[in-house]
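Below: one structure, written as structure tokens.
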Amino acid sequence: QYRAIFGFPVQDYYARAGFDFTRHSFDALANSFMEDYIPASTSCPLMSGAQQALDAFAAAGLHQVILSASPVSTLQRQVEEQGVARYFDRLLGLSDIYAKSKVALGLAYLRETGFDPRRAVMIGDSTHDFEVAQALGVHCVLQSGGHQPPEILQRTGAMVVPGLPEAADFILRSVENDV
């Protein structure tokens, strides 16, 4: 059920899940979620195939950046605890806990670094990730092992693959063909 109704902005997802914001504010709900999520996130393993994808991208000399709706302090702790911090050139997280859009953050990064968005590929697991990629002008591959199922992701028209190994394979083939 979660995967069928999940989406951004996250406040709309909570409404679809049945939360009544006249009874409990979104602010209170977001704070309550983060109080549970942040400590519990340390026990979550990397997604299947993540280590292999990170290794393959590093071996190919690709820059790797995380662009997330999570607070940057949470991202820093998570990548350090998972032992993958060394793979990332930058961690881009929001400055609050309300999981709105990542577009402004991504655009600022592209401007600051001068990186050509046409040479970037975003791996995501939600229709919002596709929307963010479109707004940034970057390519997008969606993997269906995360927040939303393949039938919802396919509506975007993006390349949809079952998981990270397939996303990595697709990206590495594209790099070899200079696409």
Some residue of the range 26-40 being within 26 Å of GLU131 (Cβ to Cβ) and outside any helix (DSSP H, G or I): no
Among (1) touching a Gly at 6+ places or on another chain (Cβ under 8 Å); (2) surrounded by fewer than 17 Cβ atoms within 10 Å (Cβ to Cβ); (3) touching a residue at least 24 places away in the same chain (Cβ under 8 Å), the one test that PRO149 misses: (1)
Inter-residue pairs, beta-carbon under 6 Å, first among the acidic types (Asp, Glu) and in the range 67-88, second part of a helix (DSSP H, G or I), 6+ apart: GLU81/THR42
Search result, residues across the range 47-81 that are in contact with a Phe, Trp or Tyr (Cβ under 7 Å, 6 or more places away or on another chain), assigned to a helix (DSSP H, G or I) and under 20 Å from TYR37 (Cα atoms): VAL79
The range 122-159: number of residues that are more than 12 Å from the chain's Cα centre (by Cα) and not in a loop (DSSP other than H, G, I, E, B): 12
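Bear in mind that the values in this text are calculations on the coordinates, not laboratory data. Nothing here was measured: the structure is a model prediction, and the numbers come from that model. Neighbour counts run over all protein chains shown; Cβ positions are idealised from the backbone, glycine included.
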